Amino acid sequence: MLTRPRPPERLLGGDGATTARPFEPAPDLRDWAYASFISEDALLLNEEHAHLREAQIGFMWTAVPNARGGNSVVGQAEIPSIQGGKWARGRFFQQVEEWFGLIPDFLITFDAGFADEADDATFCALVEHELYHCAQARTPWGDLKFRKDGSPAFTMRGHDVEEFVGIVQRYGAGAAAGRTSAFVAAAVAGPTIAAAEIAGCCGTCGRGL
């Protein structure tokens, strides 16, 4: 049976608010995510994450509050990068490599306080939300893209649905953008695992993915 990893106590409450090291690698969370959703024998296997079996993903906890558009940011997936001069980039990648022993293909960060208080279904939904952002790239013709060594080429993925509620109300899901009809059908069918509510925002969202 899998044991859900918890953030370290030093990143929670008053200790977390005043700690001098508010970011911490979470290798146990990485192992749990693979054993829960990604690996071939995962307990809650989702084949849409199969490409991540060949990915290096760094997971982190943080005690630093974050917000966007008035919503709390409780999770964020990204491809490690930084803008700036050669020294700024050098410092950044040195720190990342010291954390993980390599430069991961993706870096996923979670708010320690939110994760500690979330119920199991909400936490699973949050982790999978960020995993869905970690995608395999596609060619201009829609084919999956690979590197020269045959491994998947990675990129960030946006949401399946970007539409206004008013459009669906006035014209129906069939007239809405993208995969709204499929989204509505999935909502009507109900969850295949468990109901969950993410009372926050994903930091990856709204970046023009």
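See the values below:
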{"quantity": "1.4 Å probe accessible area per residue over the stretch 1-95, in Å²", "calculated": "61"}
{"quantity": "log₁₀ of I(q)/I(0) at q = 0.24 Å⁻¹ - the stretch 1-71, Debye sum with one point per alpha carbon", "calculated": "-1.00"}
{"quantity": "Whole-angstrom Cα spans of the stretch 114-156 along principal axes, big to small", "calculated": "43, 21, 12"}
{"quantity": "Inter-probe distance in nm under a simple model that places probes 7 Å from Cα toward Cβ, at Leu45 and Ala186", "calculated": "2.0"}
{"quantity": "The stretch 77-159: chymotrypsin sites (Phe, Trp or Tyr not before Pro) falling in loop per DSSP and having at most 14 other Cβ within 10 Å", "calculated": "Trp141"}
{"quantity": "Rg(Cα) / (2.2 N^0.38 Å) computed for the stretch 16-144, rounded to two decimals", "calculated": "1.12"}
{"quantity": "Å³ per residue enclosed by the Cα convex hull of the stretch 73-112", "calculated": "78"}
{"quantity": "The stretch 80-135: radius of gyration over Cα atoms, expressed as a fraction of 2.2 N^0.38 Å", "calculated": "1.43"}
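The values are calculated or read from the model by the stated rules, or taken from the named source; none is laboratory data. All of these numbers come straight from a predicted model, not from anything done at the bench. With ideal geometry, Cβ positions are generated from the backbone for all residues, glycine too; neighbour counts draw on all protein chains shown. Side chains included, ligands, DNA and RNA excluded: accessible areas come from the protein's heavy atoms. Shrake-Rupley method; radii C 1.70, N 1.55, O 1.52, S 1.80 Å.
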